[in-house]
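**Student:** Got a structure for you, written out below as structure tokens; questions coming shortly.
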Amino acid sequence: MKMRKTWTTILTSVTALSLLIAGCSDSGTGKAPAAENGKTGPNTQTADSTKPKWDFKFDPPITISTAIVDENRPNAFKPGENLTNNVHSRWMEEKLGIVTKYEWVVGKFEDNETKIRLALSTNGKLPDTFSAGGDILKDLIRAGRLLPVNDAIEKYAHPVYKEALKKYAHVLPEVTVDGNIYGVPTFFVGDEGTVMWIRKDWLDKLSLKPPTTIAELETVLKAFSEQDPNGNGKDDETGLAIPLKEGPWTWMGQTDPIVGAFTKQMVNTYDIKLFWNEDANGNLTYGAIHPDAKKYLETMASWMAKGYIDKEAGIKDPSKAAELAAAGMAGVMFGPYWMGSWPLGDTAKVDPKAEWQAYPLPAGPDGLKAKAQKPLNSGYLVFSKDFKQIEAWFAYFNKLLAKNLGPQDPYFDPRFEKGFHEGYDYVLKDGKVVNGNFEANGVPKHQWPLADGTGMDMRWMLYPLTGTMAPLVPYMNADAIKKFIADPNAEAKTPIEQSVKGLNKAQLSAASVAVSEQNLEIPNRYNGPLTDGMKKHGEFLQKLATESYLRIIYGEKPLSSFDEFVVQFNKNGGELITKEVNEWYKKNKP
């Protein structure tokens, strides 16, 4: 779906831009066992148990095949290098004895799906490892084309990754059948839970205190909307900048904390898979049709009628909503911690005195505070049933994961202490590591990784075997955030700490708020594939829900029309989908 594809793109970009994290390991023992039906066979090579865990090499070299979607990769390679011949591919073969082979490289996700379906229909060869999700994943499992990895995870996965699989087990049901796990999740860091961004300079100018409740927030919105806080003498400000084109929950500007002030039944209208919450009886219900949603709609309709919300919110996406805030015409916006750089940082271009600050979420009339947990995984890495080198794959995966965890980790490769490859992801200037802003840091032009001075996008070199994403585990930067909030001058000892230390003051403060309220996050309880009912009725129901919410918020229909909407939702496929979802939940409840 459009929303889910947007999520993958945005969160991948955010991970690459704001965290620049790499990875770690747990296998690396130098063995290359055969694997069949999820069972690891006898070793074909002898391991040296006296070596450190990171120190392994397969001799003779082994080849692992994969497939990737090569949509757009500017700055990925230096002149003369490519996917199959670059500094890292050569390093892997020489130092690790691992060669990456591409069964296919396509330009679109649709083409990748076509390739997989062709292999399914003709019983053709699949790559050793590749990314899959949704219907494709279900069909691969049903056809018996994937390798169960239960034993491999237990034997070879890094302890940190294994612990994450246990802690966030709710991401596994989609890839699990009859107790067999047919892939590993591609985790996001997951630290983007909503914070409340407010123009602190406007609060100070109007002698207002930061709001701690929904009632106090309304007072702030009223003042921001009516008292000309930008000082231009025009009535051009609004209190709250939000995008409602795609419903109340999205990747930036979302209003889940307003929902969470009244109920733990999280609401989304734009994706039929989000949010399914437990009711009082332990059954799953679609949050958008739960009676508690009326409390959210009543509040939003009131604020819209009073002029506290952008009147054009209904036709704006997140980026357009952010433009209002960045232009100095809105004083409150909910969203992730990284907004302190972009887009809110752009407000200084129109008002040098602008100061956005993140605050804890407002409590409802009964003291309730909650927010939606953003998706923790973007899909799964799966393995052909014919793949015999699963230990080697985990050895490399663990090495990448350990890069993030730092030198103290037993799987950390000391050859990566400064970075992956000098002259690529970093350069040395007077003995110091520089991994960006090369000209500003005085690096001579002949040392720049690329001629134009920009940084290199190393994903295509480093992560082709892991779906072009760095191996991560949820909330793995929380400790680093706490460390640098306590002491901004502390030494950064790991790549994660280096990334967190690189956040600007507003971002770091916001990240601290997000981490402190992590316990408020409500996860989506349905993590299965699209059901038959979702495929047949989902698009219509999403449109029905989004439009019904907008009509109530804009006052075109009374709040009482919510009940009519629920009847129409259930009548037109919602009842069937709810039945399917709960049948799945009974079998897969963590």
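The values are calculated or read from the model by the stated rules, or taken from the named source; none is laboratory data. Keep in mind the model is a prediction, meaning the values are calculated, not measured. Cβ: placed from backbone, ideal geometry, glycine included. Neighbour counts: every protein chain shown.
**Student:** Could you please give the count of residues in the range 200-215 that are closer than 15 Å to Tyr359 by Cα and out of contact with any Pro (no Cβ under 7 Å at 6 or more places or on another chain)? Give the derivation first.
**Tutor:** The first filter runs over the range 200-215 and keeps only residues closer than 15 Å to Tyr359 by Cα, leaving 200-204, 208-214.
Restricting the remaining residues to those that are out of contact with any Pro (no Cβ under 7 Å at 6 or more places or on another chain) gives 200-201, 204, 208-210.
Of the residues in that region, 6 qualify.
**Student:** Does Lys101 satisfy being assigned to a loop (DSSP other than H, G, I, E, B) and among the charged types (D, E, K, R)? Can you show your working first?
**Tutor:** Numbers: assigned to a loop (DSSP other than H, G, I, E, B): no; among the charged types (D, E, K, R): yes.
Taking the combined requirement at face value, the residue does not satisfy it.
**Student:** Please find, among Thr269, Thr238, Thr194, the residue that is under 21 Å from Ala327 (Cα atoms) and buried (at least 23 other Cβ atoms within 10 Å of the Cβ). Please lay out each step first, then the result.
**Tutor:** Details: Thr269 fails: under 21 Å from Ala327 (Cα atoms); Thr194 fails: under 21 Å from Ala327 (Cα atoms).
Exactly one residue qualifies, and that residue is Thr238.
**Student:** Of these, Glu539, Glu491, Glu517, which one is of a type outside the set (A, V, I, L, M), under 30 Å from Ala402 (Cα atoms) and within 25 Å of the chain's Cα centre (by Cα)?
**Tutor:** Sole residue among the options that is of a type outside the set (A, V, I, L, M), under 30 Å from Ala402 (Cα atoms) and within 25 Å of the chain's Cα centre (by Cα): Glu517.
**Student:** Related question: Quick one: count up the residues across the range 449-470 that are closer than 26 Å to Lys374 by Cβ, at pLDDT 95 or above and assigned to a loop (DSSP other than H, G, I, E, B).
**Tutor:** Matching residues across the range 449-470 total 1.
**Student:** Restricting attention to the range 382-424, which residues are part of a helix (DSSP H, G or I), among the aliphatic types (A, V, I, L, M) and under 16 Å from Pro464 (Cα atoms)?
**Tutor:** Ile390, Ala392, Ala395, Leu400, Leu401
**Student:** What residue, of Lys403, Lys399, is of a type outside the set (A, V, I, L, M), crowded, with 18+ Cβ neighbours inside 10 Å, within 24 Å of the chain's Cα centre (by Cα) and at pLDDT below 95?
**Tutor:** Lys403
**Student:** Pairs, please: C-beta under 9 Å, at least 6 apart or cross-chain, first residue without any contact (Cβ under 8 Å) to a residue 12 or more places away in the chain and in the range 322-347, second part of a helix (DSSP H, G or I) and surrounded by 21 or more Cβ atoms within 10 Å (Cβ to Cβ)?
**Tutor:** Once the first residue is without any contact (Cβ under 8 Å) to a residue 12 or more places away in the chain and sits in the range 322-347, its partners that are part of a helix (DSSP H, G or I) and surrounded by 21 or more Cβ atoms within 10 Å (Cβ to Cβ) give Trp342/Ala322; Trp342/Ala326.
**Student:** If you don't mind, another one. Please find, within the range 478-526, the residue that is nearest to Lys418 (Cα to Cα) out of those that are in a helix (DSSP H, G or I) and of a type in the set (Asp, Glu).
**Tutor:** Only one residue tops the list, namely Glu497.
**Student:** Turning to a different aspect of this structure: Would you call Asp151 part of a helix (DSSP H, G or I) and out of contact with any helix residue (DSSP H, G or I) (no Cβ under 7 Å at 6 or more places or on another chain)?
**Tutor:** On the way: part of a helix (DSSP H, G or I): yes; out of contact with any helix residue (DSSP H, G or I) (no Cβ under 7 Å at 6 or more places or on another chain): yes.
So Asp151 passes the test.
**Student:** Something else: I need a count of the residues in the range 430-446 that are loosely packed, with under 14 Cβ neighbours inside 10 Å and either among the basic types (Lys, Arg) or in contact (Cβ under 8 Å) with a residue 24 or more places away in the chain (or both).
**Tutor:** The qualifying residues number 2.
**Student:** For the range 108-124, indicate whether the set of residues that are outside any helix (DSSP H, G or I), in contact with a Cys (Cβ under 7 Å, 6 or more places away or on another chain) and over 21 Å from Pro529 (Cβ atoms) is non-empty.
**Tutor:** No, the conditions are met nowhere in the range 108-124.
**Student:** Going residue by residue through the range 81-103, is there one that turns out to be within 30 Å of Gly455 (Cβ to Cβ), among the small types (Gly, Ala, Ser) and modelled with pLDDT under 90?
**Tutor:** no
**Student:** Also: Which one of these is within 21 Å of Lys399 (Cα to Cα) and more than 19 Å from the chain's Cα centre (by Cα): Asp452, Asp457, Asp413, Asp430?
**Tutor:** Testing whether each residue is within 21 Å of Lys399 (Cα to Cα) and more than 19 Å from the chain's Cα centre (by Cα) leaves just Asp413.
**Student:** I need a count of the residues in the range 50-80 that are within 30 Å of the chain's Cα centre (by Cα) and closer than 19 Å to Asp425 by Cβ.
**Tutor:** Number satisfying all stated conditions: 7.
**Student:** If the Cβ limit is 9 Å and pairs must be 6+ apart or interchain, which residue in the range 543-564 that is in the same structural domain as His290 (by TED's automatic domain parsing) and of a type outside the set (Val, Ile, Thr) pairs with which residue that is exposed (fewer than 14 other Cβ atoms within 10 Å of the Cβ) and not in a helix (DSSP H, G or I)?
**Tutor:** Leu550/Glu556; Tyr554/Lys311; Phe562/Pro291; Asp563/Pro291
**Student:** Exactly one condition in (1) surrounded by 14 or more Cβ atoms within 10 Å (Cβ to Cβ); (2) free of Cβ contacts under 8 Å to residues at least 24 places away in the same chain; (3) in a loop (DSSP other than H, G, I, E, B) is not met by Val427; state its number.
**Tutor:** (3)
**Student:** If you don't mind, there's one more thing I want to ask. So is Lys483 among the charged types (D, E, K, R), touching a helix residue (DSSP H, G or I) at 6+ places or on another chain (Cβ under 8 Å) and touching a residue at least 12 places away in the same chain (Cβ under 8 Å) or not?
**Tutor:** yes
**Student:** Now for a different question. Looking at the range 362-379, which of its residues are touching a Ser or Thr at 6+ places or on another chain (Cβ under 7 Å) and surrounded by 24 or more Cβ atoms within 10 Å (Cβ to Cβ)?
**Tutor:** Kept after step one, since they are touching a Ser or Thr at 6+ places or on another chain (Cβ under 7 Å), are these residues of the range 362-379: 362-363, 371, 377-379.
Listed by number, the list holds a single entry, Lys371.
**Student:** Considering each residue of the range 58-84, count those that are in contact with a Ser or Thr (Cβ under 7 Å, 6 or more places away or on another chain) and surrounded by fewer than 17 Cβ atoms within 10 Å (Cβ to Cβ), and give that number.
**Tutor:** The qualifying residues number 1.
**Student:** Can you spot a residue in the range 539-550 that is under 23 Å from Trp356 (Cβ atoms) and modelled with pLDDT of 95 or more?
**Tutor:** Scanning the range 539-550, I find no residue that is under 23 Å from Trp356 (Cβ atoms) and modelled with pLDDT of 95 or more, so the answer is no.
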